[in-house]
Amino acid sequence: MKLMRSVLGLVSVALASLLVLSGCASGSFPPAPAVAADAEYSYVIGPGDTVNIVVWRNPELSMSVPVRPDGKITTPLVEDLQAMGKDASTLARDIEKALEKYIREPVVTVIVTSFVGPYSEQIRVVGEAAEPKILPYRQKMTVLDVMIAVGGMTEFADGNKASILRTGEGNKQYSVRLSDLLKRGDVSANVEMRPGDVLIIPQSWF
């Protein structure tokens, strides 16, 4: 938790500096596209996730294990196997290969039961959110989902000058109308997020 807060603080400072140096107002950014999700998206395992490993006909090898900060997992007969950056199916196949030394034709199923996701795919909310934080990305996640998770905006927020920094598009920035969405119920202002997005909520000067 301390590490997460520290990282979030560094991101906030870096983004604030970027905005000051650029001298750009959020209103000058193009509107964020309503649809952003990739239909081919598959959840990628990251440090802090918990995976449930089931080895068919071998209950003694079946268990839930955490993904360590270095991105690896350890199970009976399998030590230090890289899990970070893989989807559940790929990890299951890798475990099967590792177990082939000890078990004939192992069949493994992996289910992710606790989600954090890799650092590069997490959603970050900085600025005048009630609770600035880092969130795991979920497919079809919208800016409304994000705002609910962070408890809305502070009374000092300039919601309609908020922006999304899209790292997956070379740090391209889009404007979002949070005040219209949250205070006026304008659903046309609700847009989808993408993995790695940073939602920046500036302070109102008036």
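The values are calculated or read from the model by the stated rules, or taken from the named source; none is laboratory data. This structure is a prediction, so every number in the text was calculated from the model and none was measured. Virtual Cβ from ideal backbone geometry, glycine too; neighbours counted across all protein chains shown. Please note that ligands, DNA and RNA were not included when accessible areas were found on the heavy atoms of the full protein model with its side chains. Shrake-Rupley method; radii C 1.70, N 1.55, O 1.52, S 1.80 Å.
Of the numbered conditions (1) modelled with pLDDT of 95 or more; (2) part of a loop (DSSP other than H, G, I, E, B); (3) farther than 27 Å from Ser42 by Cα, Phe206 satisfies every one except a single condition; which is it?
(1)
Filter the range 67-88 down to the residues that are open to solvent by 70 Å² or more (accessible area, probe 1.4 Å) and without any contact (Cβ under 8 Å) to a residue 24 or more places away in the chain and list them by number.
Arg68, Pro69, Asp70, Glu79, Asp80
Which condition number in (1) open to solvent by 50 Å² or more (accessible area, probe 1.4 Å); (2) on the phi > 0 side of the Ramachandran plot is the one that Ser120 fails?
(2)
If you scan the range 145-181, which residues turn out to be of a type in the set (S, T, N, Q) and open to solvent by 70 Å² or more (accessible area, probe 1.4 Å)?
Asn171 - this is the single residue of the range 145-181 that is of a type in the set (S, T, N, Q) and open to solvent by 70 Å² or more (accessible area, probe 1.4 Å).
Within the range 89-106, which residues are outside any helix (DSSP H, G or I) and without any contact (Cβ under 8 Å) to a residue 40 or more places away in the chain?
Residues satisfying the conditions are Glu100, Lys101, Tyr102, Arg104, Glu105.
Hey, can you tell me all the residues within the range 182-198 that are open to solvent by less than 40 Å² (accessible area, probe 1.4 Å) and part of a loop (DSSP other than H, G, I, E, B)?
Answer for the range 182-198, where residues must be open to solvent by less than 40 Å² (accessible area, probe 1.4 Å) and part of a loop (DSSP other than H, G, I, E, B): Val191, Met193, Pro195, Gly196.
When you look at Ser28, is it small (Gly, Ala, Ser), open to solvent by 50 Å² or more (accessible area, probe 1.4 Å), modelled with pLDDT under 50 and over 30 Å from Leu99 (Cα atoms), yes or no?
Criteria not met by Ser28.
Kindly list the number of the only condition in (1) hydrophobic (A, V, I, L, M, F, W, C); (2) within 30 Å of Ile95 (Cβ to Cβ); (3) surrounded by 15 or more Cβ atoms within 10 Å (Cβ to Cβ) that fails for Val107.
(3)
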